[in-house]
Structures are given as structure tokens and as C-alpha cells.
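What follows is a single structure, written as C-alpha cells, with notes after it.
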Amino acid sequence: MKKRIVAGNWKMHKTSREAEDLVKEVLEKLDTVDLKKHNNHVVFAPPFVYLQNLGKLLQGMTNISLAAQNCHSEPKGAFTGETAVQMLKDVGCEYVIVGHSERRSYFKESDAFLKQKTDAVLAAGLTPIFCCGEMLNDRKNGTQQSVIREQLEQSLFHLEKAEMQRVVIAYEPVWAIGTGMTASPEQAQEMHAFIRNTIEEVYDHNTAHHLTILYGGSCNAQNAASLFSNADVDGGLIGGASLVADSFVEIIKANSAQ
Ligand code: PEP
């Protein structure tokens, strides 16, 4: 059964105490939700400094995991301020977000660098949540599909089939991230189907149909169900709405109801 995931990307928010309280509150509110029934997973991606503590809190839990928001591509060395994937694994991470649009734009991370990061995450046995997304102008010009194809081609299509089968893709239109301008369910479905068809063309049917493709961009408790009910939308990567237990839990419930 295909994995359905709701991942919360906290970005640079919360104090240590707030981080712990938020995770505990979400877990408490999820008590009655049977995540295993439909292969539903919940992922927390807090700031780096809270990973170790939250890793201990989540240790041994089923279908609830920890993610890092970023990583470096090298296993060790003189890279001041950076963190290697093995270090993330050591503190309990199972996932790493790669290529978030904020990393691409503010930190000038190139497709080539994201390719190396994806390789590093897979080599360490972790799961990359690979983000792709077009700018508003791309959509206005109608070039959104070629932009996405190019991002996938440059950073993922060198992977062997068995590696590709371990990747999670998050489609996050840049114009929808943190803007309140959510993609319509039709826009999301159209792009997710395009991504799946592209993977089928490059790899095969089995790889494409087992691939988890998340939607991200102003997804919230109100619009999650209509986005997640689309055939090719397998959950969400959630920013702002993952910072409040009630809204995050509502989104998780919307995903598990599919
Ligand atoms: C994100 O940053 O990955 C994201 C989807 O943010 P938001 O939900 O706040 O738009």
C-alpha cells in the first residue's frame, strides 16, 4: 500500500519548550487515530537544535517520525555550520527535506547540489523528501510542467530504480508557500499526475504508482481534505499550519480519512 504522509516543516520557529509541548499535544490528540490502518505517517521537521530531544520523545513510535529540514552532502569535514546526514540519523531522523524553495532561493542551492544531497540521504539509509515547485511567473507563462520536469531530471533521474523507490516528492508551488494562495485541488492533481506519469516514463509503472507525492503550499485544516482526496495527492508538507497542534491534527485526520 502506498505510504500517505503529513509532514510538518516548522522552519525557524518555536523555543525548546514549545517544541516539546507541540509534539506532545499532537501525539495526545492523535491517540484515537489509527495511522497504521491505511499506512498513514506523521513526520515532524523541527529546527536542528531540537532534533535530539524530540528524537528521544518519538523513539520506538510507529508511523511517527522525525525529519531534518536540510543536510549537507558531505559525510564530514570543514563545513562550518553544516550537518551531515549520519549525524541526523544518529539523533533519530528518518527523513530529510531536500530542496525546499527557501533553500533554493535564499541559500542559492542548485539542482546539482540537491542531487548530491539526495545521494547522501539515500546512502545513509534515510528518506529524502525532495521538494520541487514553479514560480508564479512560470505558471503565468504556462511553463510549470517543464520547470518541474527539469528539477526532477537534474536532481533525481540519475538514481537507480531501487533508489527512486525510496524517494518522497513534495510538489510545492513557490507562489503558494506561506502566501495563503493555495493551489486549487485541480491544479494540485494535474501536477501530481504529471509527476507520476513522468516517473512512469523514466522508470516504470510500479515505481510511479508506489511513489508518495505530497502537496505543499498554504495547506490548512480547511482545505486539506479537498486537496488530499485527489487520486495522486498522497498527503502534504505543511508549514504554518503545522505550528499549531489543532490544525496539524485536523490535517493528519483529513489524510487518514482518504
Ligand atoms: C512549506 O514551507 O513547506 C510550506 C508548505 O509552507 P506553508 O504551509 O506555510 O505554505
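Report yes if S184 is among the small types (G, A, S), touching a helix residue (DSSP H, G or I) at 6+ places or on another chain (Cβ under 6 Å) and more than 12 Å from the ligand (Cβ to nearest atom), otherwise no. Give the derivation first.
Numbers: among the small types (G, A, S): yes; touching a helix residue (DSSP H, G or I) at 6+ places or on another chain (Cβ under 6 Å): no; more than 12 Å from the ligand (Cβ to nearest atom): yes.
No: the conditions fail for S184.
Across segment 65-97, what is the number of residues that are open to solvent by less than 20 Å² (accessible area, probe 1.4 Å) and β-branched (V, I, T)?
Selection size over segment 65-97: 3.
What is the residue count in segment 232-258 for residues that are in contact (Cβ under 8 Å) with a residue 40 or more places away in the chain, within 15 Å of the ligand (Cβ to nearest atom) and among the hydroxyl-bearing types (S, T, Y)?
Looking only at that region, the number is 1.
Scan segment 146-164 and tell me whether some residue there is within 15 Å of the ligand (Cβ to nearest atom), within 27 Å of S65 (Cα to Cα), in contact with a Ser or Thr (Cβ under 6 Å, 6 or more places away or on another chain) and at pLDDT 95 or above.
No, every residue in segment 146-164 fails to be within 15 Å of the ligand (Cβ to nearest atom), within 27 Å of S65 (Cα to Cα), in contact with a Ser or Thr (Cβ under 6 Å, 6 or more places away or on another chain) and at pLDDT 95 or above.
If you take the residues of segment 99-124 that are without any contact (Cβ under 8 Å) to a residue 40 or more places away in the chain and either open to solvent by less than 50 Å² (accessible area, probe 1.4 Å) or on the phi < 0 side of the Ramachandran plot (or both), which of them is farthest from the ligand (Cβ to nearest atom)?
The first filter runs over segment 99-124 and keeps only residues without any contact (Cβ under 8 Å) to a residue 40 or more places away in the chain, leaving 103-104, 106-110, 123-124.
Now drop any that are not either open to solvent by less than 50 Å² (accessible area, probe 1.4 Å) or on the phi < 0 side of the Ramachandran plot (or both), which leaves 103-104, 106-107, 109-110, 123-124.
Values: R103: 10, R104: 12, Y106: 12, F107: 14, E109: 15, S110: 19, A123: 24, A124: 22 Å.
Among those that are without any contact (Cβ under 8 Å) to a residue 40 or more places away in the chain and either open to solvent by less than 50 Å² (accessible area, probe 1.4 Å) or on the phi < 0 side of the Ramachandran plot (or both), it is A123.
Conditions (1) in contact with a Pro (Cβ under 8 Å, 6 or more places away or on another chain); (2) touching a residue at least 40 places away in the same chain (Cβ under 8 Å); (3) more than 22 Å from L211 (Cβ to Cβ), marked per residue:
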position: F48; (1), (2), (3): no, no, yes
position: L54; (1), (2), (3): yes, no, yes
position: I64; (1), (2), (3): no, no, no
position: A67; (1), (2), (3): no, yes, no
position: E74; (1), (2), (3): no, yes, yes
position: G77; (1), (2), (3): no, no, yes
position: L88; (1), (2), (3): no, no, yes
position: G92; (1), (2), (3): no, yes, yes
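Evaluate the following for M135: is it buried (at least 18 other Cβ atoms within 10 Å of the Cβ), aliphatic (A, V, I, L, M) and farther than 21 Å from T212 by Cα? If you could, list the steps in order and put the result at the bottom.
Details: buried (at least 18 other Cβ atoms within 10 Å of the Cβ): no; aliphatic (A, V, I, L, M): yes; farther than 21 Å from T212 by Cα: yes.
Spelling it out, it is not the case that M135 is buried (at least 18 other Cβ atoms within 10 Å of the Cβ), aliphatic (A, V, I, L, M) and farther than 21 Å from T212 by Cα.
Being in a helix (DSSP H, G or I) and within 16 Å of the ligand (Cβ to nearest atom) is the requirement here; does R139 meet it? Before you say what the answer is, go through the steps one by one.
Working: in a helix (DSSP H, G or I): yes; within 16 Å of the ligand (Cβ to nearest atom): yes.
Yes: the conditions hold for R139.
Which one of these does Q189 not meet: (1) in a helix (DSSP H, G or I); (2) within 16 Å of the ligand (Cβ to nearest atom)?
In the conditions (1) in a helix (DSSP H, G or I); (2) within 16 Å of the ligand (Cβ to nearest atom), Q189 misses (2) alone.
Look through segment 195-231, keep the residues that are among the hydrophobic types (A, V, I, L, M, F, W, C) and more than 16 Å from the ligand (Cβ to nearest atom), and return whichever of them is farthest from A183 (Cα to Cα). Don't jump to the end; show me each part of the working.
Going through segment 195-231, the residues among the hydrophobic types (A, V, I, L, M, F, W, C) turn out to be 195, 199, 202, 208, 211, 213-214, 219, 221, 224-225, 227-228, 231.
After this cut, where a residue has to be more than 16 Å from the ligand (Cβ to nearest atom) as well, the list is 195, 199, 202, 208, 211, 231.
Working: I195: 16, I199: 22, V202: 26, A208: 22, L211: 21, A231: 16 Å.
Step by step, filter segment 195-231, then rank; the result is V202.
If you scan segment 31-52, which residues turn out to be more than 16 Å from Q258 (Cα to Cα), over 16 Å from the mean Cα position of the chain (by Cα) and open to solvent by less than 30 Å² (accessible area, probe 1.4 Å)?
L51
Restricting to segment 7-22, what's the tally of residues that are open to solvent by less than 30 Å² (accessible area, probe 1.4 Å) and either away from the ligand (no atom under 11 Å from the Cβ) or modelled with pLDDT under 95 (or both)? Write out each step before concluding.
Of the residues in segment 7-22, the ones open to solvent by less than 30 Å² (accessible area, probe 1.4 Å) are 7-10, 19, 22.
Add one more test, that the residue is either away from the ligand (no atom under 11 Å from the Cβ) or modelled with pLDDT under 95 (or both), and what stays is 19, 22.
Number satisfying all stated conditions: 2.
Any chance you could count how many residues in segment 142-185 are open to solvent by 10 Å² or more (accessible area, probe 1.4 Å), assigned to a helix (DSSP H, G or I) and among the hydrophobic types (A, V, I, L, M, F, W, C)?
Residues in segment 142-185 being open to solvent by 10 Å² or more (accessible area, probe 1.4 Å), assigned to a helix (DSSP H, G or I) and among the hydrophobic types (A, V, I, L, M, F, W, C): 4 in total.
Return yes when A225 is of a type in the set (G, A, S), within 16 Å of E134 (Cα to Cα) and part of a helix (DSSP H, G or I) and no when it is not. I'd like the intermediate steps shown before the answer.
Values: of a type in the set (G, A, S): yes; within 16 Å of E134 (Cα to Cα): no; part of a helix (DSSP H, G or I): yes.
Spelling it out, it is not the case that A225 is of a type in the set (G, A, S), within 16 Å of E134 (Cα to Cα) and part of a helix (DSSP H, G or I).
Does segment 190-226 hold any residues that are open to solvent by less than 10 Å² (accessible area, probe 1.4 Å) and over 25 Å from M12 (Cβ atoms), and which are they?
Correct list: M191, H192, I195, R196, T198, I199, T207, A208, L211, T212, I213.
The values are calculated or read from the model by the stated rules, or taken from the named source; none is laboratory data. This is a predicted model, so every value here is computed, not measured. Quick reminder, even Gly has a Cβ in these numbers, built from the backbone with ideal geometry, and neighbours come from all protein chains shown. Keep in mind that these areas ignore ligands, DNA and RNA; they rest on the heavy atoms of the full protein, side chains included. Shrake-Rupley method; radii C 1.70, N 1.55, O 1.52, S 1.80 Å.
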